[in-house]
Amino acid sequence: MNRNPTLKYSMLLLLVTVFWGSGFIMVRIALDSGFSPGLISTLRMAMGSLIMLPIFFKSIRRTTKDELRHGIVAGLILFFGFLLQTVGMQYTIISNSAFLTTTNVIMVPFLSWLIIKKRPGTKTFFSIALGFVGVSILTRAFETDIRFNTGDLLCLLSAVCFAAQIAYTEFAVKKADANSFTFVEIASTAVFSVIYLLVFENDFMSRILLPAEGLLACLYLGGTCTFFAFWAQSVAQKHMVSSKAALILSMEAVFASLFSVFLGYEHFMSTLAVGGGIIIASIVLLEAGRKPFFKPSVLSESSADPARGRESEIL
């Protein structure tokens with residue numbers, strides 16, 4: 001008998017972080033190729049929607065009004081998150097962007113508390129704090145000169161958006177079909193991106209003829225980091241609280257650093273091993289067993305997750 005039924009969904013989210021970690025590199029490649037933030041967002045979200053439509057057409061055609069409403073709200077939040085992050089990366093260094101973006105891990109429990117009206121347990125707060133220490137070491141935050149210039153501020157605002165998206169997804173997918181919700185979320189993000197592109201980047205046609213590696217990077221972002229990643233996130237968050245999801249998703253910083261080392265963008269440093277190890281330890285602490293850390297009455301993830309035990313159409 002499986003004593004921890006959420007383990008496979010934790011592993012699914014961990015796979016998401018692998019793709020999102022590689023996606024950080026792909027965004028850098030697209031920007032370096034001359035692609036604008038609005039064009040990158042439009043291409044990746046449009047591609048993700050087009051891939052998802054035929055695969056989940058039966059679910060999508062049965063989309064309810066609630067799924068449509070929640071998907072549009074999540075899509076709007078996601079649009080601002082990606083836009084702020086991508087624009088911010090143009091005005092700050094990568095280490096600043098990585099650290100500030102991953103500060104969403106400490107925001108999620110409080111936003112979830114506000115939305116779901118259920119206080120996370122002490123064990124959750126302790127694990128989140130430990131994970132944040134790991135992220136800080138990994139991204140060398142103590143050595144980073146964060147002065148909150150334009151780029152730093154935009155990346156911090158993007159972290160707020162990503163935290164809100166994770167917390168809102170927990171609220172939205174509990175009684176929704178994950179396939180329909182995710183399609184609406186991605187498609188609406190694509191629509192918002194197109195509007196931004198037409199209004200603020202109306203010279204985008206000239207950018208389509210830019211180097212092929214930029215286009216290939218956007219296609220990769222659309223297929224793996226958008227279609228698969230957000231579908232997997234929606235499925236997994238039907239079976240776990242958002243604070244746990246946020247902690248697992250913070251592994252994105254670990255894989256982003258690993259990909260940077262493997263591809264020659266940066267040298268291997270001890271902070272990668274130490275910070276990554278602490279993040280993994282914080283996840284193991286939160287994942288291991290069901291016993292609360294201090295107060296038995298405080299942490300009750302199973303009661304906060306009425307959809308636990310229900311499977312998606314694919315898993």
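Bear in mind these aren't lab numbers, they're just calculated from the coordinates by the rules spelled out. The model shown is predicted, which means the values in this text are computed figures rather than measured ones. No Cβ is skipped: glycine too gets one built from the backbone with ideal geometry, and neighbour counts run over all protein chains shown.
Distance from the C-alpha centroid of segment 22-76 to that of segment 149-167: 18 Å, rounded to the whole angstrom. Put simply, the Cα atoms of segment 7-287 extend 44, 42, 30 Å along their principal axes, the longest span coming first. Under 12 Å from the Cβ of Leu15, count the other residues' Cβ atoms, weight Lys and Arg +1, Asp and Glu -1, and hand me the total. Taking every other residue near Leu15 into account, the sum is 0. The phi torsions of segment 36-51, fed into the Karplus equation with coefficients 6.51, -1.76 and 1.60 and a -60° offset, translate into couplings of 7, x, x, 5, 4, 5, 4, 5, 5, 6, 5, 5, x, 5, 5, 5 Hz, rounded to whole numbers, with Gly and Pro shown as x.
Think of segment 7-287 as a dipole: +1 on every Lys or Arg Cβ, -1 on every Asp or Glu Cβ, centred on the Cα centre; then among Ile280, Leu221, Tyr91, Ile280 lies furthest on the positive end.
Distance between the 7 Å Cα→Cβ label points at Leu53 and His267: 4.9 nm. Counting neighbouring Cβ atoms within 10 Å and putting the fewest first, the residues Cys155, Cys225 line up as Cys225, Cys155. Computed from backbone phi with θ = phi - 60° and the Karplus coefficients 6.51, -1.76 and 1.60, the 3J(HN,Hα) list for segment 130-137 is 5, x, 5, 4, x, 4, 5, 5 Hz; x is used for glycine and proline.
When the chymotrypsin sites (Phe, Trp or Tyr not before Pro) in segment 1-96 are filtered for DSSP coil states and for at most 16 other beta-carbon atoms within 10 Å of their beta-carbon, the remaining sites are Tyr91. Phi angles of segment 195-200 translate, via the Karplus equation with coefficients 6.51, -1.76, 1.60 and θ = phi - 60°, into HN-Hα couplings of 4, 4, 4, 5, 7, 10 Hz per residue; Gly and Pro are given as x.
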